[in-house]
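The values are calculated or read from the model by the stated rules, or taken from the named source; none is laboratory data. Keep in mind it's a predicted model, so treat the numbers as computed, not measured. Neighbour counts run over all protein chains shown; Cβ positions are idealised from the backbone, glycine included. Remember, those area values only see protein heavy atoms, side chains included, never the ligands or the DNA or RNA. Shrake-Rupley method; radii C 1.70, N 1.55, O 1.52, S 1.80 Å.
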Amino acid sequence: MNLKKYFVRALHRLQKGPGYTYKELLVWYCDNTNTHGPKRIIKEGPKKKFIWFFLTLLFASLVFWQWGILINTYLSYNVTSSLSIGFKTMKFPAVTVCNANPFKYSKVKHLLKELDRLIEAALERILQPTPGNGSENASPPLDLELWHQLPLVLIDEHDKDNPIILDIFERNQTSAVNETAAGNETASDNETTWGNETSCSQQGSDNCTYRNFSSAAQAVTEWYVLQSTSILSKVPLHERIAMGYQAEDMILACLYGAEPCNYKNFTQIYHPDHGNCYIFNWGMDEEALNSSNPGAEFGLKLILDISQQDYIPYLSSAAGARLMLHQQKSFPFLKDQGIYAMAGTETSIGVLVDELERMGYPYSDCTMNGSDVPVKNLYSQYNTSYSIQVKHILKSKMLQFLGTGRGFPSALEQCLTHRHLTARMCLKIWRSSRRKTSVPTLSFPLPSDTQYKMTISMADWPSEASEDWIFHILSYERDMSTNVTLDRNGIIKLNIYFQEYNYRTISESAATTIVWLLSSLGGQFGFWMGGSVLCLIEFGEIIIDSLWITVINLISWCKGLKQKRAQARYPDAPPTVSELVEAHTNLGFQHEDVGALPRDEALPPEPGTPPPNYDSLRVQPLDVLGPDSDAE
């Protein structure tokens, strides 16, 4: 019951409103608020009242201006970076080693036989351009099917408007060329360039697009890579793995700290650019190894044989081992972050560890593990974690798919494995981005990761004084032969270790927090207006009362407008109660005088009968009784 009375009173209070006018409410607020300034407006004289009103308005504007700046700064979600140095037992990085040459030439020579004959004939044409000087007449005829798919041409640009295109194996010349903007620029003193035909408007058309090179060596290497990739991509994966360098042949010796190891401690993966690669301490099947001491004696020592004599002559122009240090369970992107180790040397790599801790949403688009990235991890088959290299590869493959990216040989290989796509079609997709002028905006989050900074030093190994017995021992251990099967051109020694027993952590933190925002807002309000949170509550109270008064006034105005419309529709005032009683009494007298039915015999009205028109009843007795009614 008490609750009902409370709500009834609250309803009456809502209907009544604050009980003030706008002017009274404003005067009351200025007289009772704790904010400096408004009190002086109502208590000072006219001149000072104007001055205090101006100052109060000015400082209030400054407060709102500063508040806007502070809120905008907070919503920008800036971060600050801090550097800290720690000491702990660290996980030894995963080490990936590959051969710079992906396949043994002795195992793929039969597949590349026609391609090698074609490139040798092309080199003869390049080195001996005069007809009749070559030796192609004494050899079997060439199969030019591969050549016509992707020809290598010579471009004469003495006339920039009408360059001349000369196919090495054809005598005719063409003057229509649509050169791409991408590729190597031609030197100002050399008017001749080499090009690979990438696409034509129609089959056999002269309106083609070429990728330019300033050197024939670059053009020949690029052409051979594309053609060999097209051929080898059609070979099943298990056969390509067998054509590469095997772990037992490549890894001659291994030592981690004081513990011996061998090729069985490495995990084999197939890399599109480097063939068989081997990862030490990847952490997929067993726990990662820890290192508690710095120095070369506590790191990883490897002796590798790259068998340089079995390199593919036109595919690999660099000799050595390709290696990379990365986190456990992450895919090695050797093309982006790998380094070379030269044959005949001992390469020492000192490692420093940097741990990066980035903040996530809303301070950035960073992710902790890649689970919130709306793109499938293309390397999920290796059960690898999300890394910054995965982010770059995802973006590059997406751009390539849209026809606006450069692409990668691995992606080109996937294209070439499709039975309905030729090398020309895949290359057209791969190079089409160079004709594009706009690139779509693709955002991929950057993860928190660990980076390894390397300090590299090299020395000749083995020395001339010790190379004889070292090669004898290594040859015997690998081939069980007393003959020397190794030489300086194929042997590499690696030392990988922590340079210092510490790690650096670069962490991000929020530059502005909600505590900073509240303190800054309060500081500005207190400095300019001398106010506090209670002053804001008072200001909110007056706003609520003003809205209350506005609502009550609107309701009253609506009621008044409704009454005015009713008066306009019915101009005569409605009869009062006394008038209705008098009219009813006079109506009874009328029935008795004119001989109407007795009152006890009068029938009651039927249900639903409309009430009588009392206006007509009030006027009718005056006509019946006549002028003598006043005398009675």
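Out of Ser432, Ser443, one residue alone is assigned to a helix (DSSP H, G or I) and at pLDDT below 55. It is Ser432.
Would you mention how many residues in the stretch 279-328 are open to solvent by 60 Å² or more (accessible area, probe 1.4 Å) and among the hydrophobic types (A, V, I, L, M, F, W, C)? Residues in the stretch 279-328 being open to solvent by 60 Å² or more (accessible area, probe 1.4 Å) and among the hydrophobic types (A, V, I, L, M, F, W, C): 2 in total. Evaluation of Ser292 against the conditions (1) farther than 17 Å from Ala341 by Cβ; (2) touching a Lys or Arg at 6+ places or on another chain (Cβ under 6 Å); (3) modelled with pLDDT under 90 shows that the sole unmet condition is (2). The residues of the stretch 254-276 that are crowded, with 17+ Cβ neighbours inside 10 Å and either over 17 Å from Asn99 (Cα atoms) or touching a Lys or Arg at 6+ places or on another chain (Cβ under 8 Å) (or both), listed by number, are Cys254, Tyr256, Gly257, Cys261, Asn265, Asp273, His274, Gly275. The C-beta contact set for the stretch 566-578 (first residue modelled with pLDDT of 65 or more, second residue basic (Lys, Arg), distance under 9 angstrom, 6+ apart or interchain) comprises Pro575/Arg618.
Restricting attention to the stretch 110-132, the residues that are modelled with pLDDT under 85, touching a helix residue (DSSP H, G or I) at 6+ places or on another chain (Cβ under 8 Å) and part of a loop (DSSP other than H, G, I, E, B) total 0. When you scan the stretch 232-246, do you find a residue that is at pLDDT 85 or above and in contact with a helix residue (DSSP H, G or I) (Cβ under 6 Å, 6 or more places away or on another chain), even just one? Yes - at least one qualifying residue is present in the stretch 232-246. Anything in the stretch 1-33 that is under 20 Å from Trp528 (Cβ atoms) and either modelled with pLDDT under 80 or of a type outside the set (S, T, N, Q) (or both)? List them, or say none. Scanning the stretch 1-33 gives Tyr29, Cys30.
Screening Phe539 on (1) modelled with pLDDT of 55 or more; (2) more than 30 Å from Trp65 (Cβ to Cβ) shows it passes everything except condition (2). Entry remark, the stretch 72-109: residues being surrounded by fewer than 14 Cβ atoms within 10 Å (Cβ to Cβ) and touching a helix residue (DSSP H, G or I) at 6+ places or on another chain (Cβ under 7 Å) number 1 in total.
Given the criteria open to solvent by 70 Å² or more (accessible area, probe 1.4 Å) and without any contact (Cβ under 8 Å) to a residue 12 or more places away in the chain, does Leu57 qualify?
In short, yes.
If you check Thr56, Thr96 for being among the β-branched types (Val, Ile, Thr) and assigned to a helix (DSSP H, G or I), only one passes: Thr56. Residues in the stretch 545-580 that are of a type in the set (Val, Ile, Thr) and either exposed (fewer than 10 other Cβ atoms within 10 Å of the Cβ) or in contact with a strand residue (DSSP E or B) (Cβ under 9 Å, 6 or more places away or on another chain) (or both): Thr576, Val577.
Conditions (1) at pLDDT 85 or above; (2) assigned to a strand (DSSP E or B); (3) in contact with a Gly (Cβ under 6 Å, 6 or more places away or on another chain); (4) loosely packed, with under 13 Cβ neighbours inside 10 Å, marked per residue:
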site	(1), (2), (3), (4)
Ile155	no, yes, yes, no
Asp161	no, no, no, yes
Asn190	no, no, no, yes
Asn196	no, yes, no, no
Thr209	no, yes, no, no
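Scan the stretch 491-508 for residues that are open to solvent by less than 50 Å² (accessible area, probe 1.4 Å) and over 20 Å from Leu255 (Cβ atoms) and the total you get is 4. Condition check: modelled with pLDDT under 50 and of a type in the set (A, V, I, L, M, F, W, C). Does Leu474 satisfy that? No, not satisfied. Filtered by the rule that a residue be hydrophobic (A, V, I, L, M, F, W, C), touching a Leu at 6+ places or on another chain (Cβ under 6 Å) and not in a strand (DSSP E or B), the stretch 466-506 gives Phe471, Leu474, Leu486. Of the strands (runs of 3 or more DSSP E) lying entirely inside the stretch 239-342, the ones with 2 or more residues being polar (S, T, N, Q) are found at 266-271.
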